[in-house]
1. Anything in segment 28-49 that is surrounded by fewer than 22 Cβ atoms within 10 Å (Cβ to Cβ), assigned to a helix (DSSP H, G or I) and more than 8 Å from the ligand (Cβ to nearest atom)? List them, or say none.
2. Among the residues of segment 362-375, which ones are buried (at least 18 other Cβ atoms within 10 Å of the Cβ) and either free of Cβ contacts under 8 Å to residues at least 40 places away in the same chain or under 20 Å from the mean Cα position of the chain (by Cα) (or both)?
3. Report, ordered by the first and then the second residue, all pairs with beta carbons closer than 8 Å, sequence separation of six or more or different chains, a first member in segment 124-140 that is closer than 18 Å to ALA157 by Cβ and free of Cβ contacts under 8 Å to residues at least 12 places away in the same chain, and a second member that is within 11 Å of the ligand (Cβ to nearest atom) and not aromatic (Phe, Trp, Tyr).
4. Go through GLY95, GLY151 for me and flag whichever is within 21 Å of the chain's Cα centre (by Cα), away from the ligand (no atom under 16 Å from the Cβ) and in contact (Cβ under 8 Å) with a residue 12 or more places away in the chain.
5. Mind checking which residues of segment 304-333 are hydrophobic (A, V, I, L, M, F, W, C), in a helix (DSSP H, G or I) and in contact (Cβ under 8 Å) with a residue 24 or more places away in the chain?
6. Any residue at all in segment 163-177 that's under 27 Å from GLY265 (Cβ atoms), small (Gly, Ala, Ser) and crowded, with 21+ Cβ neighbours inside 10 Å?
7. Just the residues that are in contact with a helix residue (DSSP H, G or I) (Cβ under 9 Å, 6 or more places away or on another chain) and more than 24 Å from ASP96 (Cα to Cα), please, taken from segment 235-252.
8. Would you check which residues across segment 202-227 are of a type outside the set (Lys, Arg), surrounded by 21 or more Cβ atoms within 10 Å (Cβ to Cβ) and outside any helix (DSSP H, G or I) and list them?
Amino acid sequence: MKVLNVVGARPNFMKIAPLIREMRKHPGITPLLVHTGQHYDVKMAGQFFEDLQIPLPDVSLDVGSGTHAVQTAEVMKRMEPILVRERPDLVLVVGDVNSTMAAALTAVKLHIPIAHVEAGLRSGDRTMPEEINRIVTDAVSDYLFVTEESGTRNLMAEGVAKSKIFEVGNVMIDSLEASRRLWGPSTMLGRLGLQRGHYAVTTLHRPSNVDNVTVLKGLVQSLLEVARRLPVIFPIHPRTKKALEAMGDLGPGLYFGAPPTPANGVHCMDPIGYLDFMSLVANARLVLTDSGGIQEETTVLGVPCLTLRENTERPITVTHGTNRVIGSSPKRILEEAANALDTPIRPLPPPPLWDGHASERIVKVLREQIRLGWVA
Ligand code: UD1
């Protein structure tokens, strides 16, 4: 079985790494890796290949940045001849970025079966580009691998046959568990002069938070308030950096680069690699984020997480984890941050099947298809 795996943007890399590793253990499966190049900076892509020991891509499409239509179209245009040439038995896509949807659309038009890993998640918010990517990708996929029970419910409500849905757990947590021994000894805290449990981490990149000046200003002011109690570490996504630069002077307390001592303030820095970031999050007292994946990672690491969005497509991180979805109003952020900092951390068991073995379950399903003679 020739499986053509697709990655494009930062949150894809930690999902594909354990899958490729698992596929390579089975002689009946030949994995190929295509990198669309949606993310192309070393800090957004190359560092993750290294940290996660992902083999170099067999094909790079180098699509780069663009509007949604341009980026989607470029992936489709450049992916089509690769699929025609390679004729894989299966195209495997992960997550919900533009590259995920574009690769799935290209494959379905060539009648190539598709597996979607992290299927069924729904925020219910169609203004989020990822929500459209999720709906379209799931609609054309043949194997829907879900991370949590809400995924199954959402897919069945959309009319997907139960036989196509597989609850397998979370491949992102496979990466987290497989690399614990690597990020455990990271020197990140020492380099930043931080003490375990005495700082917060924040990330922001959703268009709804960073493309609107008023919202972004309110968020930065809230972070500066939180930083009166403990240092806030802020690795900045390129989209957010551009928006902050356009806003001009943001006042004292927010500075680029780490200070020599862990003085309180918002310490902005370039995006950091997977191992350093995991170490930073695992040892933090609090995380404030609008990322999807970080809601899952903090749940497993037992670190309180405030999600600065109006909704989440990952409700299990609220019902079984440490996540609170609080929106982006400064008043609410300050109340919730104070509450989180004043409440002792309670360790919780991870959600069902978030045990580091999701990739094994996925590859087992694929091998069963070979046994059944599904592929020639
Ligand atoms: C994309 C995903 C989002 C994911 C996020 C993680 C979509 C619709 N969005 O959003 O779901 O959570 O990645 O980061 O697919 N840029 C660089 N260097 C890079 C990549 C991007 O400077 O390596 C800059 C470019 O100016 C680009 C902007 O960042 O225009 C946004 O990149 P893009 O891939 O369009 O979307 P993200 O906001 O990164």
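The values are calculated or read from the model by the stated rules, or taken from the named source; none is laboratory data. Values in this document were obtained by computation on a predicted structure and should not be read as measured data. Please note: Cβ atoms are built from the backbone with ideal geometry, for glycine as well, and neighbour counts cover all protein chains shown.
1. Selection gives VAL42, GLY46, GLN47, PHE49.
2. ILE362
3. ARG126/ILE132
4. Just one listed residue meets the conditions, GLY151.
5. Listed by number, the residues that qualify are ILE316, ILE333.
6. So far as segment 163-177 goes, no, none of its residues is under 27 Å from GLY265 (Cβ atoms), small (Gly, Ala, Ser) and crowded, with 21+ Cβ neighbours inside 10 Å.
7. Result: LEU244, ALA246, MET247, LEU250, GLY251, PRO252.
8. Of everything in segment 202-227, those that are of a type outside the set (Lys, Arg), surrounded by 21 or more Cβ atoms within 10 Å (Cβ to Cβ) and outside any helix (DSSP H, G or I) turn out to be THR202, THR203, LEU204, ALA227.
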